[in-house]
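The values are calculated or read from the model by the stated rules, or taken from the named source; none is laboratory data. Just so you know, these numbers come straight off a predicted model, no measurement behind them. Counting neighbours? That spans all protein chains shown, and the Cβs are built from the backbone with ideal geometry, glycine included. For the accessible areas, the whole protein counts, side chains as well, though only heavy atoms, and no ligand, DNA or RNA atoms are used. Shrake-Rupley method; radii C 1.70, N 1.55, O 1.52, S 1.80 Å.
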Amino acid sequence: MSANPLDNKAQAWSALFSEPMSELVQRYTASVGFDKRLWRADIDGSLAHAEMLAAQGIIGASDLADIRRGLAQIAQEIEAGRFEWKLELEDVHLNIEARLTQLVGDAGKRLHTGRSRNDQVATDVRLWLRGEIDGLAVLLADLQRALVELAAGHTDTVMPGFTHLQVAQPVSFAHHLLAYVEMFARDGERLADLRRRVNRLPLGAAALAGTSYALDRERVARTLGFEAVSRNSLDAVSDRDFALEFAAFASIAMVHVSRLAEELVLWMSQAFGFIDLADRYCTGSSIMPQKRNPDVAELARGKAGRVVGHLMALLTLMKGQPLAYNKDNQEDKEPLFDTVDTLRDTLRILAEMVGGIVVKADAMERAARRGYATATDLADYLVKKGLPFRDAHEVVAHAVKVAMQQGVDLAELPPATLQGLHPLIGADAAEVLTLRGSMAARDVIGGTAPAQVRSQIERHRQRLGAG
Ligand code: ARG
C-alpha cells in the first residue's frame, strides 16, 4: 500500500502546504479534545456510508470487509482506552480515519469517497444528539412520576397558594406539585417534537454542493434510523438550528427546574418550614455547626444559568454566518455537550430528591391560616347571595381589617361580628371560610378541589405509565 497522507499532517496538510502549523495554531484549531466523544456516532456513520458505497459498486466488497474489520478494532481500542488520540490529527474524524488506514491500508483511504467532514460532522452530531434526546425523555418522565407520586399523598394537604409571594388562596400541596408536572410534560412534548428535526440525514451533501458519486442516501438514512434525508446540501452542512432548538428546549426545562429548586430552598428555610430534604442532598457549614444547607437544590437553580448561557453562545455562533460550512461551527460542540450533561444530571438528581421530601403538613396549614386566604371565598359567598362582586369585595376588605385588628383569621371571627358586617352574611358563611371548604369549592377542571386533583393524578399516571 502507498503511504497514508494523513500521517504527514503533523508537518503540513497536503502537498499544497509549504509550512507546518505552529503548536499554538494546532491547539487552537483542534477539536479532538472534546469531539472524541462523538466516536461511536462517527463509526456508525462511516459503516453505513461504506456499506452503501459497496452496494452501489463505488468501493469493492473486500474494501468494505476491511473497513468493517478496521472500524471494529478501533471501537474496541477506544472502549478499552487504548486508542491514541492525536492533536495533530485535529478532530475525531481524522483520528479515526488515519487509524483505519494504518490498520487496513487503501480501503481506509477509500472510506471518504463521496463524503466530506462537513456532512460527516453534521451527521455525527445529529446521531449523537438523537441518542441523548431519548435518554433525556426517560429522565423527564421519571421526574414527573416522582412528582405525581409525591402529590398522590397530598391532595388534602393544605398550603397557602401565593401570588407576589403573598398568601393568596389555599391550594393543596398536590395541586402545587402538579403545576410542575404540567411544565415538565410540555418540556417532554417539545423534546419529542424537535427530535423529528434532529433526525434528518445530512450525509450526501459532501462539502457543500452534493457529490458526483451515485450515492444512495435513502439507504444510509434507513441504516442509521434517520426519518428523512436533507433536501439542500448547503443547508445540510451549515445550519445548526437543530442544536439551537435543543438548547432552547433545555433552557426552558432548566428554567422550570430552577423554579422548583427555588421553592424547595424556600420551603426548607426556617421561615417556611414546609418540607425537609434528605441529608444526602444537603451540606453542612464549615463554621456554623447548626447549618444544613440545600446545596443540591441551589446548584440546580444555578445551573439553569449556564444552560441559558449555552443557548446564547449557540445563537450568537450561528448569527450572520454566510453559507455554507464555516469553522465557527466547531464551536457548537462544547456548549451542546455541556447542555446535555447538565440537564441529564439535574433531572436525575431532582427526581431522586423529590422522592425523599418530608412534608410538614401542619406548618403548611398554619401558614395558610395566617394570610386571610379565604377572603375570596367570603366575597364569592356574598355574590352568590346576590351582592355585586365589587360590593362584596369591599365588605370582605372590612372583614379582613376587623380580623387583623383582633389578631384572628376570618374563620375565627365571632358569627355576630361577621353578620354585623353585612345582612347577607348568614350562619352558613362559617363553612366557606375554612381552608378545606375553600379548596373543595374550586371544583372546576384544573382547580384545586381534591376530587379534581385526584383525577389529574390518574391522568398523569395513565400518560406516564409505570416507567
Ligand atoms: N471538526 C470540524 C467541526 O467540528 C469538522 C468539520 C471540519 N470541516 C472543515 N471544512 N474544516 O466542525
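Remark: the chain is approximated by an ellipsoid whose semi-axes, taken from the C-alpha gyration tensor as √(5λ), come to 62, 22, 19 Å, largest first. Across the range 259-274, rounded Karplus estimates of 3J(HN,Hα) from the backbone phi angles (6.51 cos²θ - 1.76 cosθ + 1.60, θ = phi - 60°) give 5, 5, 4, 4, 5, 4, 4, 4, 5, 7, 5, 4, 4, 8, x, 7 Hz, Gly and Pro being marked x.
Taking a probe of 1.4 Å, how large is the accessible area per residue of the range 38-155, in Å²?
Working: 4000 Å² over 118 residues.
Solvent-accessible surface per residue comes out at 34 Å².
Roughly what % of Cα-Cα distances in the range 316-366 sit above 13 Å, to the whole percent? Above the 13 Å cut-off, the range 316-366 has 72 percent of its Cα pairs. Converting phi to 3J(HN,Hα) with the Karplus coefficients 6.51, -1.76 and 1.60 and the offset θ = phi - 60°, the range 439-450 yields 5, 4, 6, 8, 9, 10, 3, x, x, 8, 4, x Hz in sequence order, with x at every glycine or proline. Surface composition of the chain: carbon plus sulfur atoms hold 54% of the accessible area, using a 1.4 angstrom probe and ignoring ligands, DNA and RNA. Placing +1 on each Lys and Arg Cβ and -1 on each Asp and Glu Cβ, with no other charges, gives the chain a dipole about its Cα centre of roughly 380 debye.
Quick one: which of 351-359, 173-181 comes out on top by average Cβ neighbours within 10 Å, and what's the full order, highest first?
Details: 351-359: 17.6, 173-181: 22.4.
Result, highest mean first: 173-181, 351-359.
Under a 5 Å amide H cut-off, with hydrogens placed 1.01 Å from N, VAL171 pairs with MET159, GLY161 among residues at least 5 apart or on other chains. Other residues within the sphere of radius under 13 Å centred on the Cβ of VAL265, judged by their own Cβ, net out at -2 (K and R +1, D and E -1). Solvent-accessible area per residue in the range 223-338 equals 47 Å², computed with a 1.4 angstrom probe and all protein chains kept. The magnitude of the dipole of the range 360-466, with charges of +1 and -1 set on the Cβ of Lys/Arg and Asp/Glu and taken from the Cα centre, is near 480 debye. Exceedance of the 27 Å cut-off in Cα-Cα distance is limited, within the set LYS360/LYS401; LYS86/LYS109; LYS86/LYS303, to LYS360/LYS401; LYS86/LYS303.
Computed from backbone phi with θ = phi - 60° and the Karplus coefficients 6.51, -1.76 and 1.60, the 3J(HN,Hα) list for the range 238-255 is 10, 7, 10, 5, 5, 6, 4, 4, 5, 5, 5, 4, 5, 5, 5, 4, 5, 5 Hz; x is used for glycine and proline.
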